[in-house]
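Trainee: Handing you a structure now.
The values are calculated or read from the model by the stated rules, or taken from the named source; none is laboratory data. Here the structure is a predicted model, which means the values were calculated and not measured. Glycine also receives a Cβ, built like all others from the backbone with ideal geometry; neighbour counts cover every protein chain displayed. Protein only, heavy atoms only, side chains kept; ligands, DNA and RNA dropped before computing areas. Shrake-Rupley method; radii C 1.70, N 1.55, O 1.52, S 1.80 Å.
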Amino acid sequence: MKLNINNLNNKSFWENANIEIPKYDIKKVRENTKENPAWIHFGAGNIFRGFLARISDSLLNDNLIDRGVIAVDTHSTGKTDDYDMLEKVYKPFDNLTLLALIKNNGDIDKKVIGSITDILHADFVNYYESLKKIFISNSLQIVSFTITEKGYSIKDLSEKDLNFENDISNIMAMITKLLFERYKNGAYPISMLSIDNCANNGDKLKEAIITIAGKWLKNGFVEEGFIKYLEDKNKVSFPLSMIDKITPRPSDIISAKLKELGLEGSETFKVGNNMTAFFVNAEVPEYLVIEDNFANGRPPFERAGVFMTDRITVQNSERMKVTVCLNPLHTALAIFGCLFNYNYIYEEMKNPLLKKLIEKLGYDEGMKVVVNPKIINPENFIKEVVEERFTNPFIPDSPQRIACDTSQKIPVRFGETLKSYIEKNLDTSNLIAIPITIAAWLRYLTGIDDNGNEMNISPDPMLKELQSHISKIKFKDIESVKNNLQPILSNKNIFLVD
């Protein structure tokens, strides 16, 4: 049986396979969305299919909305495989996705997501008119993004690049031009919602768009009114958000299980540099906190488990997660996992000393300075991380992947806590887990594992600078340390404190 709209009519197959299917009329929803689009999303990957589209699907199933979400793939490799996501993942399955939510005991909840009404590409040559038609529609409420933090960068754009008329390859320039089309065709209100995993994401999005628009104004491509439109929060709003859900690469275990059930095309394959499939496997826990600041209305997201709140609460939720309750624990396991030659995080959780380390990091040292967002209990959050999420063998994640760019992560994951200890006049000499994790990171930078063998070090933008100091230290030679660590440990760009 192939996953497509017509085969959903074979209800006995899906029931016997224990796969939940949409209760709503998918074709009708697609007609409604085409006539009056409400939500378009840029970034058609796993986190979108497995979380955001699921939110829309839940609201449709409960008859709370009558339109779905339009997806836009942003893959741009400059090669013929730019359209692989559309041609291999979406279109062969009528834009349907099978979501497999995997519990840490191995149980799987399976459901078909039918809320993605269309798939486009962020390619102005072939899709400009389609994107423009959606953007100038007064019914459009939300433009959302999961394009990773680097997607908001405009550093590669020069004045010459921003000539407005030529093909715009930078995603932020593309969005700015589409907003200019909306401004010219009625200046309708709109909400630009970043759901990427970075602090103050809405502010980053706004800054990029207004910077580009400002350069266009200077070059005479747009008018002053467009800038005022973008800066008017009643016309264009940029809500903040905090998202947390692990949606890793498709699992061969899930692929095999779906094949056993009789589902065709469940094989995994490569799109660009990533593995993908028609299904998405994900952990069950999920958190999405959004600033309730929508200029043109919104769906009732809270009815699908989203926390709708104020700006400060979003910021506090982000701070709770990245400085205490999740990210520091993850980084500690990544560092020690590399040193101890572990392949997966869940394997490390079987080591009582490593489990004790992250419990000390979270429950004790971090909890003394944690920011409580009130809507999520920090201790309950850590407990779920330690007992359910990190221990899940069916959501495999490698220490080596998480160890990438550690120098860029330490300021937020450990530096903020150290800074808070100093600001609150707490005794830093009582800290154990944070110092030993920092010490392990410095050991990791030598490129020698715990057995004294050479190991690969994950990419890091500061690696060359850091190793210029570390390389002077010899393995097991305490005397060689001397003052070689001083330039690193006194670097406030890494630790926020000396």
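Trainee: Can you compute the FRET efficiency between SER468 and LYS356 using 1/(1 + (r/R0)^6), with r the Cβ-Cβ distance and R0 = 51 Å? Round to the nearest 0.05.
Mentor: 0.90
Trainee: Which residues among the range 282-318 fall inside the zone where the amide N is under 20 Å from a point 7 Å beyond the Cα of ASP203, along Cα→Cβ?
Mentor: 289-295, 309-318
Trainee: Something else now. Probe radius 1.4 Å, ligands and nucleic acids left out: which of CYS404, CYS325 has the largest accessible area, and how do the rest follow?
Mentor: Greatest to least solvent exposure: CYS404, CYS325.
Trainee: Multiplying the sequence separation of GLU87 and ASP310 by 0.36 nm and subtracting their Cα-Cα distance, what value in nm do you get?
Mentor: 76.3 nm
Trainee: Something else: Assign unit charges at the C-beta atoms only (+1 for Lys and Arg, -1 for Asp and Glu), then state the dipole size of the chain relative to its Cα centre in Debye, rounded to the nearest 20.
Mentor: The calculation lands at about 280 debye.
Trainee: Hey, another quick one. At a 1.4 Å probe, what is the % contribution of carbon and sulfur to the accessible area of the chain?
Mentor: That share works out to 46 percent.
Trainee: Taking a virtual spin label 7 Å from the Cα of ASP66 along the C-beta vector, which residues in the range 295-329 bring their backbone nitrogen under 16 Å of it?
Mentor: Label zone hits: 299-300.
Trainee: Something else: Starting from the Cα of PHE269, step 7 Å along the direction of its Cβ; do the same at CYS404; then give the gap between the two resulting points in nm.
Mentor: Roughly 2.4 nm, to one decimal.
Trainee: For MET1 and LYS228, compute 0.36 nm times the residue count separating them, minus their Cα-Cα distance, and round to one decimal in nm.
Mentor: Extra length from MET1 to LYS228 when fully extended: 76.4 nm.
Trainee: Over every pair of different alpha-carbon atoms in the range 429-498, take the mean of 1/r and invert it; report that Kirkwood radius in Å.
Mentor: The Cα-based Kirkwood calculation yields 13.1 Å.
Trainee: Separate question: What is the sum of charges, Lys and Arg at +1 and Asp and Glu at -1, for the other residues whose Cβ falls under 11 Å from the Cβ of VAL72?
Mentor: -3
Trainee: Using +1 at the Cβ of each Lys and Arg and -1 at the Cβ of each Asp and Glu in the chain, identify which of ILE434, LEU333, LEU445 lies farthest towards the dipole's positive end.
Mentor: It is ILE434.
Trainee: If you put +1 on each Lys and Arg Cβ and -1 on each Asp and Glu Cβ, how big is the dipole of the range 19-87 around its Cα centre, in Debye rounded to 20?
Mentor: Roughly 160 debye for the range 19-87.
Trainee: Rounded, prolate or oblate: pick one for the range 327-380, where a ≥ b ≥ c are the square roots of the eigenvalues of its C-alpha gyration tensor, a/c under 1.5 means rounded, and failing that, prolate if a/b is larger than b/c, else oblate.
Mentor: prolate
Trainee: While we're here: Once you sort the root eigenvalues of the Cα gyration tensor of the range 12-139 as a ≥ b ≥ c, which label holds: rounded (a/c under 1.5), prolate (a/b larger than b/c) or oblate (the other case)?
Mentor: oblate
Trainee: Moving on to the next point. Report the one residue of TYR183, GLY272, PHE238 whose Cα lies farthest in the direction of the positive end of the charge dipole of the range 180-335 (charges on C-beta: Lys and Arg +1, Asp and Glu -1; origin at the Cα centre).
Mentor: TYR183
Trainee: Can I ask one more? Please give me, ordered by residue number, the chymotrypsin sites (Phe, Trp or Tyr not before Pro) of the range 444-495 that lie in loop per DSSP and have at most 11 other Cβ atoms within 10 Å.
Mentor: PHE475
Trainee: Hey, another quick one. If you rank VAL386, VAL284, VAL497 by how much accessible surface each has, with a 1.4 Å probe, what is the order from largest down?
Mentor: Ranking VAL386, VAL284, VAL497 by accessible area, largest first, yields VAL284, VAL497, VAL386.
Trainee: Would you calculate a helix-derived [θ] at 222 nm for the chain, using -39,500 (n - 2.57) for each DSSP H run of n ≥ 4 and dividing by the full residue count, to the nearest 500?
Mentor: Taking each H run of at least 4 residues, the total per residue is -9500 deg cm²/dmol.
Trainee: Still on this structure, I have one more. For the pair THR428 and THR148, how long in nm is the line joining their label points, each one 7 Å along Cα→Cβ?
Mentor: 3.4 nm
Trainee: Roughly what angle does helix 433-444 make with the longest principal axis of the chain, taking Cα atoms, 0 to 90 degrees, to the nearest 10?
Mentor: Rounded to the nearest ten degrees, it is 90.
Trainee: Size of the chain along its principal axes in angstrom, Cα-based, largest extent first?
Mentor: 72, 62, 45
Trainee: How do SER407, SER468 stack up against each other in accessible area, from largest to smallest, with a 1.4 angstrom probe?
Mentor: Result, largest first: SER468, SER407.
Trainee: Now a separate question. Considering the zone a paramagnetic label at TYR344 would reach in this model (a point 7 Å from Cα along the Cα-to-Cβ line), which residues of the range 379-395 have amide N under 18 Å from it?
Mentor: Residues 385-395 fall inside that zone.
Trainee: Shape call for the range 373-498 from the C-alpha gyration tensor, a ≥ b ≥ c root eigenvalues: rounded (a/c under 1.5), prolate (a/b greater than b/c) or oblate?
Mentor: In terms of gyration-tensor shape, oblate.
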